[in-house]
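Only the coordinates and a few stated rules stand behind these numbers; no lab work does. Keep in mind the model is a prediction, meaning the values are calculated, not measured. Every residue, glycine as well, gets a Cβ built from its backbone with ideal geometry; the counts of neighbours run over all protein chains shown.
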Amino acid sequence: MEINLQNMFFYGLVGILPEERVKPQPIEIDLGIRITDDNGIVDYRRLYAIVAEVMSAEHIDYLEEIADRVVRRVIDLDERIRFARVAVRKPRVSLGGPLDYAEVVVTRNADD
């Protein structure tokens, strides 16, 4: 069974520029998991809470760090969770030209 939480929206202190350390920015996050028990139930609130806790904990330099923290905590949440995929998007990235967003995707198997 797969469970997906799509386009969660948070404001967080994310980035390496001085202004990114003090001004919260919009961050979008997708979380997908696979569980081994097709009849099992995973509390979506617990999954959402993990993402919210990571986003509210402290300043984070890189999107990769957000994705890695979320995927590790989700895998550790329940032994039935065998795979997790986290996509983190930052819509307002200044790279000198048109850009919708920067996105980082991290996947992890429970056996990794």
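In the chain, the longest principal axis of the Cα atoms and the axis of helix 63-77 are about 20 degrees apart. Among the GluC sites (Glu not before Pro) in segment 18-76, those located in a DSSP loop and surrounded by at most 10 other Cβ atoms within 10 Å of their own Cβ are E58. At full extension, M8 and V104 could sit 33.1 nm farther apart than now, given 0.36 nm per residue minus the alpha carbon distance.
Trypsin sites (Lys or Arg not before Pro), restricted to segment 52-100: which are DSSP loop and have at most 14 other Cβ atoms within 10 Å?
Numbers: sites: R69, R72, R73, R80, R82, R85, R89, R92; in loops: R80, R92.
Here the trypsin sites (Lys or Arg not before Pro) that fit, given the DSSP loop and packing criteria, are R92.
Principal-axis analysis of the Cα atoms of the chain puts helix 44-57 at an angle of about 30° to the longest axis.
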